[in-house]
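A quick write-up on the structure given underneath.
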Amino acid sequence: MSGVSAIGEMRFSQDHFWVRLDDETQATIGLTDYLQEKLGEIYSLRLPEEGEEFIKDEPFTMIEAKNGRRELKAPISGEVIEVNYEAAEVPEIINEDPLTEGWLVKVEMASGLEFDELFTEEEYEDHLSEAEDLEED
């Protein structure tokens, strides 16, 4: 059966989030290594509350970092079921370990289809090299 995502699989959004499937309906969201590097040291971030819902492609967090403040768009729609308060209190862990310790929120996904639409690791790598080509002009 192709097209069915595996538990533990990671996908990536255009806005440089990773989304990891925890089970059929739940996923963990965090920043990619690429984004934390571009932002520089993260000073603060505003995370949604548990029970809050957000919609794919709508702003869901604001990050203040060395290279400016940035509003980031949600990679998928869902309801927040857990928040990584440690990341909010000690944002450096996002810089140090964006893919594990530095996760941001766990969500109950509104639709698994949105997960399937995210970039695979390979597609994300391609997306990054295209983005870098654009920046060099």
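The values are calculated or read from the model by the stated rules, or taken from the named source; none is laboratory data. Predicted, not measured: the structure shown is a model, and the values here were computed from it. Note that we place each Cβ from the backbone using ideal geometry, even for glycine, and neighbour counts take in every protein chain shown.
For the structure I just gave you, tell me whether ASP33 is within 16 Å of ASN84 (Cβ to Cβ) and acidic (Asp, Glu). So ASP33 fails the test.
Restricting LEU104, LEU72 to those that are closer than 14 Å to SER13 by Cα, in contact (Cβ under 8 Å) with a residue 40 or more places away in the chain and out of contact with any Cys (no Cβ under 8 Å at 6 or more places or on another chain) reduces the list to LEU72. Of VAL90, VAL19, VAL80, which residue is hydrophobic (A, V, I, L, M, F, W, C) and closer than 24 Å to SER129 by Cβ? Result of the check over VAL90, VAL19, VAL80: VAL19.
Note on region 51-88: among residues that are buried (at least 19 other Cβ atoms within 10 Å of the Cβ) and of a type in the set (Phe, Trp, Tyr), the one that is farthest from LEU104 (Cα to Cα) is PHE54.
Evaluation of GLY8 against the conditions (1) in contact (Cβ under 8 Å) with a residue 12 or more places away in the chain; (2) more than 15 Å from TRP103 (Cβ to Cβ); (3) more than 10 Å from the chain's Cα centre (by Cα) shows that the sole unmet condition is (2).
Pick from region 4-50 the residues that are part of a strand (DSSP E or B) and of a type in the set (Phe, Trp, Tyr): which of them is surrounded by the fewest Cβ atoms within 10 Å (Cβ to Cβ)? Walk me through how you get there before you give the answer.
Initially, region 4-50 is screened for residues part of a strand (DSSP E or B), giving 10-12, 17-21, 26-31, 42-46.
From what is left, the residues that are of a type in the set (Phe, Trp, Tyr) are 12, 17-18, 43.
On the way: PHE12: 22, PHE17: 23, TRP18: 26, TYR43: 13.
Within region 4-50, the match that is surrounded by the fewest Cβ atoms within 10 Å (Cβ to Cβ) is TYR43.
When PRO91 is tested against (1) crowded, with 19+ Cβ neighbours inside 10 Å; (2) within 23 Å of GLU24 (Cα to Cα), exactly one condition is not met: (2). Looking at (1) modelled with pLDDT of 95 or more; (2) more than 15 Å from GLN14 (Cβ to Cβ), which is the one condition that is false for ALA88? Just one mismatch for ALA88, condition (1).
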